[in-house]
1. Tell me the residue from Thr414, Thr424 that is surrounded by fewer than 17 Cβ atoms within 10 Å (Cβ to Cβ) and at negative phi, please.
2. Report yes if Gly460 is in contact (Cβ under 8 Å) with a residue 24 or more places away in the chain, part of a loop (DSSP other than H, G, I, E, B) and farther than 30 Å from Ser123 by Cβ, otherwise no.
3. Considering the stretch 60-78 alone, what residues qualify as being in contact (Cβ under 8 Å) with a residue 60 or more places away in the chain and touching an Asp or Glu at 6+ places or on another chain (Cβ under 9 Å)?
4. Just one of (1) of a type outside the set (A, V, I, L, M); (2) in contact (Cβ under 8 Å) with a residue 40 or more places away in the chain; (3) surrounded by fewer than 18 Cβ atoms within 10 Å (Cβ to Cβ); (4) more than 22 Å from Tyr279 (Cα to Cα) trips up Asp419, so point out which.
5. If you take the residues of the stretch 61-86 that are under 32 Å from the mean Cα position of the chain (by Cα) and part of a loop (DSSP other than H, G, I, E, B), which of them is nearest to Ala155 (Cα to Cα)?
6. Considering only residues that are touching a residue at least 40 places away in the same chain (Cβ under 8 Å) and among the aliphatic types (A, V, I, L, M), which ones fall in the stretch 344-366?
7. Return the total of residues in the stretch 171-204 being buried (at least 22 other Cβ atoms within 10 Å of the Cβ) and of a type in the set (Ser, Thr, Tyr).
Amino acid sequence: MLLGLSGWIRSASAEALLPPRFDHQRGLYFEPFTLTLSCKASDARLRFTTDGSQPGISNGTFYTAPLRLTNTTTLRVVALAEGKDASEVETRSYIFPREVARQTGSGFPMSWGTNLAQAVPASYALSPAVSSSPSRQAELAEALRALPTLSVVLAPIDLFGSERGVYSHSQESGEEWERAASLEFLPVDGTAGFHLGCGVRIQGGWSRRPEESPKHSLRLVFRKRYGPGQLKQPIFGDGPAKFDTLILRGGNNNTWLHPSSLERRRADYLRDPWMRATYSAMGHPAARDRLVHLYLNGLYWGIYDLCERPDEHFAAAHLGGTEHDYDARNADKILSGDDLAWKRLFALANAGLESDSSYAAIGELLDLPAFIDYMILNLYGANGDWDRGSNWYAVRRRNPSGRYLFLVWDGERTLEGIDDNHLTDDDDESPTRLFQKLRGNAEFRRAFAERARQHLTGSGVLAPTEAAVRYRHLAEVLDPAIPAEAARWGYYRHDVHPFKMGPYEVYTREEHWRPEVRRLLDDYFPHRTGVVQKQFSAAGLLPP
């Protein structure tokens, strides 16, 4: 017989119970069902929670009869028995797409952080235009199964709590602001997917500010304190299938949540994936990704881009060696190794690179062919948001000594105006400074022109047809799912939190997303290549 909760006692050598068993796998469900739980140990009792908190001897509800599930439920269950160690907590998310339109966030905080001492309103419900329309609800339900589902479940105090919630303190960073969570991946084909424990923290820079964006990016960290220590799943298809960290990119620039109405009008959620896919097509390592629907504690949170983080672990997986073999940087932040080679690189550059000897010397520290491709891509996209402190990664193998390779990251401010020109951008200790110094060297200009012709003409990756085909493929994947993002966040600046620059509209796939996609396919890509060729020619980087 079980003791009272306050008197639960076990020995130091107690046997651990096996995890609870479920007669329905985690996944998406379109009809109510009855869920039966069981445990192999006859003397065990099961205790469960549905609010994201960990069940245990002092928390949760004892399971006494099968559970009737009619709405999205995040179920966490533990087996308990006198004299035995509790089982591992088993978490299973049961998503009901037809009920998502009615989510309210009841019981969760009414604000997420403050700005100038004013509370920034929280938002959990979906657009009233969707929740009041049966046809829009049906469209939403279909959209929610157009992409894989990712469910992150953690204790409410760790998610939204006023003292330690990561979402309530979105501008805090570091390992002390990382919280234990359950991660479930549910494929679109209805198979079981996978589940493991991980750490969750807020990711990003400007988008951390709650008034700037209520939809924060997240970092998923795999450590032994949370579970197996690595995610070992081929979630991106071919290639490395072991991960220490993954990023859930929520988007900021050129999204429906941006403070600028100009950027909200350009929202497509595809620019950054296109930039990375294009760098990969050029033959260089790029963070792989896939679009997913995200749920936080059972609340639908929108479309996210799940992708690799191009850090030292990424470098080791894609280039060889171990993470300890690499200098790795996230812009001005050192992630691994040191900055000795980095300082030598920029000392050489800033001293001038016109001579053959200086060009040969910098070629020992910088992968020049890859750097030229990196710059051609960012100049083609007219990247409007990078400097020494943000939106690029760089890695260099230090054992044995190697050359710096720049990696594409956060290309949301690209593919905007057809005539945009960022050839004169310059900031010390950034890719643009290296480019400005290198373009003074005749051999570099020759190599740049050769690779520009390769990529911009014929069947090159930035030729009009090839660039458009790559974008169209991404758009076709997102198109059936984008109504869900519109339902979750498309009305936020109109109804919940107008901020900075109007007009404030209710954004939809038909009136906003598809027109922007068509503009890029029908106008931007067909003409941008020629414009870039002229820009390069005028700058002496490409013969007429």
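The values are calculated or read from the model by the stated rules, or taken from the named source; none is laboratory data. Since the structure is predicted, the reported quantities are computational estimates derived from the model, not experimental observations. As a convention, Cβ positions derive from the backbone with ideal geometry for all residues, glycine included, and neighbour counts pool all protein chains shown.
1. Numbers: Thr414 fails: surrounded by fewer than 17 Cβ atoms within 10 Å (Cβ to Cβ).
Just one listed residue meets the conditions, Thr424.
2. no
3. Matches in the stretch 60-78: Thr72, Thr74, Arg76.
4. Evaluating Asp419 over (1) of a type outside the set (A, V, I, L, M); (2) in contact (Cβ under 8 Å) with a residue 40 or more places away in the chain; (3) surrounded by fewer than 18 Cβ atoms within 10 Å (Cβ to Cβ); (4) more than 22 Å from Tyr279 (Cα to Cα) leaves (4) as the failure.
5. Taking the stretch 61-86 and keeping what is under 32 Å from the mean Cα position of the chain (by Cα), we get 69-78.
Now drop any that are not part of a loop (DSSP other than H, G, I, E, B), which leaves 70-72.
Values: Thr70: 22, Asn71: 20, Thr72: 17 Å.
Restricting to residues being under 32 Å from the mean Cα position of the chain (by Cα) and part of a loop (DSSP other than H, G, I, E, B), the top hit is Thr72.
6. Leu345, Ala349, Leu353, Ile362, Leu366
7. 1
Table: residues versus (1) outside the structural domain of Gly250 (by TED's automatic domain parsing); (2) under 24 Å from Phe536 (Cβ atoms); (3) of a type outside the set (Ser, Thr, Tyr).
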position: Met375; (1), (2), (3): yes, yes, yes
position: Asn383; (1), (2), (3): yes, yes, yes
position: Trp386; (1), (2), (3): yes, yes, yes
position: Tyr393; (1), (2), (3): yes, no, no
position: Arg397; (1), (2), (3): yes, no, yes
